């Protein structure tokens with residue numbers, strides 16, 4: 001199969017990820033930090049090494065502020081619901097994934113918070129001035145995606161972060177589509193909280209992810225329970241990472257995430273991005289002049305990640321996806337991509353688009369086969 005659904009989950013994983021997870025499962029997979037025996041201690045030490053690796057990759061100076069989570073949705077809920085209180089105001093955008101919009105809508109519908117939804121430009125970018133104009137005296141949080149999972153457009157997070165810092169507002173970034181493929185530095189981009197998943201750009205397994213919690217942020221515990229730290233206390237520990245990491249962690253997932261991050265470091269994020277950009281731009285250049293296809297978002301390869309979303313006139317996205325799968329053995333993602341508001345804005349709701357997302361292990365030959373398949377489908381209408 002030609003797998004072009006890497007914006008959902010990267011596949012395949014580097015061999016080092018499979019090997020690291022297999023070795024840990026066979027040799028060290030005790031409950032980390034919950035006992036004094038050697039195997040438990042080794043498991044905890046391995047996880048802490050992973051924490052240091054991920055923190056360094058993101059420019060985080062204090063590794064204890066890098067919280068392991070089960071995915072980006074888990075991390076976003078942890079940050080949103082752990083921070084916001086009654087009367088707070090939040091600024092976000094129409095580009096957001098449901099993992100941002102649903103928690104905010106839920107709090108808003110219960111009368112806890114108010115939300116300002118900033119719309120993006122026609123080519124898929126948030127305007128920094130719109131963010132600035134929306135700030136109120138009670139604005140507690142600005143939260144936005146680093147790159148749209150529908151359009152692939154990379155947002156100006158450094159500039160938004162500067163505005164947030166100047167106005168003393170917490171800035172949270174959803175980096176699900178950018179970690180591992182775009183340079184991220186917490187300090188330089190003025191990010192107070194950063195949520196990410198492990199199973200996309202970092203090449204880790206499903207069930208892994210993280211949340212950076214900056215020193216300007218104080219979160220309530222999202223989960224409470226066993227931590228292996230201060231077991232005698234009737235209440236949740238107040239120190240990080242224990243405060244936010246209750247329960248047995250997904251140790252083998254964290255080890256896979258570490259191996260995937262190390263792969264990104266060794267290969268070079270720039271090299272990974274350049275490869276995905278070449279594949280993406282080949283798709284765009286082959287289809288942008290075809291009157292039978294509509295491509296959405298900016299066509300500038302420097303301002304987008306490896307996502308090309310399109311529709312073929314006369315066919316539903318689900319039909320195109322099914323034909324690619326069944327006739328051409330090509331995996332893509334049709335639909336709304338769990339981001340309905342951007343589809344409403346663009347006019348592709350409720351059917352959505354066909355999202356094609358090349359990854360580091362795809363080849364130009366596979367892209368050419370995909371282009372050929374799309375043109376054949378378009379010619380059959």
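Can you find a residue in segment 230-248 that is in contact (Cβ under 8 Å) with a residue 24 or more places away in the chain and within 19 Å of residue 6 (Cβ to Cβ)?
no
Where the second residue is in a strand (DSSP E or B) and the first is farther than 15 Å from residue 193 by Cβ and lies in segment 158-173, which pairs have Cβ atoms under 8 Å and are six or more apart or on separate chains?
163/142; 167/139
Hey, among 30, 23, 43, 35, which residue is farther than 19 Å from residue 360 by Cβ and in contact (Cβ under 8 Å) with a residue 60 or more places away in the chain?
Step by step, each of 30, 23, 43, 35 is checked, and only 43 is farther than 19 Å from residue 360 by Cβ and in contact (Cβ under 8 Å) with a residue 60 or more places away in the chain.
Considering only residues of segment 33-45 that are buried (at least 17 other Cβ atoms within 10 Å of the Cβ) and closer than 15 Å to residue 241 by Cα, which is modelled with the lowest pLDDT?
The selected residue is 33.
Here is a yes/no grid of residues against (1) crowded, with 21+ Cβ neighbours inside 10 Å; (2) over 30 Å from residue 156 (Cβ atoms); (3) in contact with a helix residue (DSSP H, G or I) (Cβ under 9 Å, 6 or more places away or on another chain):
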{"position": "294", "(1), (2), (3)": "no, no, no"}
{"position": "326", "(1), (2), (3)": "no, yes, no"}
{"position": "331", "(1), (2), (3)": "no, yes, yes"}
{"position": "345", "(1), (2), (3)": "no, no, no"}
{"position": "356", "(1), (2), (3)": "yes, no, yes"}
{"position": "363", "(1), (2), (3)": "no, yes, yes"}
{"position": "369", "(1), (2), (3)": "no, yes, yes"}
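Could you grab me the full set of residues in segment 275-319 that are outside any helix (DSSP H, G or I) and farther than 25 Å from residue 176 by Cα?
288, 289, 290, 291, 292, 293, 294, 312, 313, 314, 315, 316
Go through segment 208-241 and give me each residue that's modelled with pLDDT of 90 or more and more than 25 Å from residue 176 (Cβ to Cβ).
Once the filter is applied, which keeps residues that are modelled with pLDDT of 90 or more and more than 25 Å from residue 176 (Cβ to Cβ), segment 208-241 yields only 239.
If a residue must be in a loop (DSSP other than H, G, I, E, B) and either in contact (Cβ under 8 Å) with a residue 60 or more places away in the chain or under 21 Å from residue 77 (Cα atoms) (or both), how many such residues does segment 104-155 contain?
So the answer is 16.
Could you grab the pairs with beta carbons closer than 6 Å, sequence gap of 6+ or different chains, first residue in segment 295-311 and more than 19 Å from residue 336 (Cβ to Cβ), second one part of a helix (DSSP H, G or I)?
299/284; 301/277; 301/281; 306/276; 306/280
Have a look at 306, 301 and point out the one that is surrounded by 22 or more Cβ atoms within 10 Å (Cβ to Cβ) and within 17 Å of residue 367 (Cα to Cα).
306
Sort out which residues of segment 195-217 are out of contact with any helix residue (DSSP H, G or I) (no Cβ under 8 Å at 6 or more places or on another chain) and surrounded by fewer than 24 Cβ atoms within 10 Å (Cβ to Cβ), and write them in order of number.
216
Please work out if residue 60 is under 16 Å from residue 209 (Cβ atoms), assigned by TED's automatic domain parsing to the domain that holds residue 142 and in contact with a strand residue (DSSP E or B) (Cβ under 6 Å, 6 or more places away or on another chain).
yes
Here's a check for you: in segment 58-80, which residue that is surrounded by fewer than 24 Cβ atoms within 10 Å (Cβ to Cβ) and touching a helix residue (DSSP H, G or I) at 6+ places or on another chain (Cβ under 6 Å) is nearest to residue 258 (Cα to Cα)?
63
Would you confirm, using the coordinates I've provided, whether residue 320 is in contact (Cβ under 8 Å) with a residue 24 or more places away in the chain and crowded, with 20+ Cβ neighbours inside 10 Å?
yes
Checking the structure you have, find out if any residue of segment 104-122 is more than 20 Å from the chain's Cα centre (by Cα), farther than 28 Å from residue 237 by Cα and modelled with pLDDT under 95.
Yes - at least one qualifying residue is present in segment 104-122.
For segment 68-83, does any single residue satisfy the condition of being out of contact with any strand residue (DSSP E or B) (no Cβ under 9 Å at 6 or more places or on another chain), modelled with pLDDT of 95 or more, assigned to a helix (DSSP H, G or I) and closer than 27 Å to residue 332 by Cβ?
Checked segment 68-83: no residue is out of contact with any strand residue (DSSP E or B) (no Cβ under 9 Å at 6 or more places or on another chain), modelled with pLDDT of 95 or more, assigned to a helix (DSSP H, G or I) and closer than 27 Å to residue 332 by Cβ.
The values are calculated or read from the model by the stated rules, or taken from the named source; none is laboratory data. What you see is a predicted model; the values in this text were computed from it and never measured. Cβ sites come from the backbone with ideal geometry, for glycine too, and all protein chains shown count toward neighbours.
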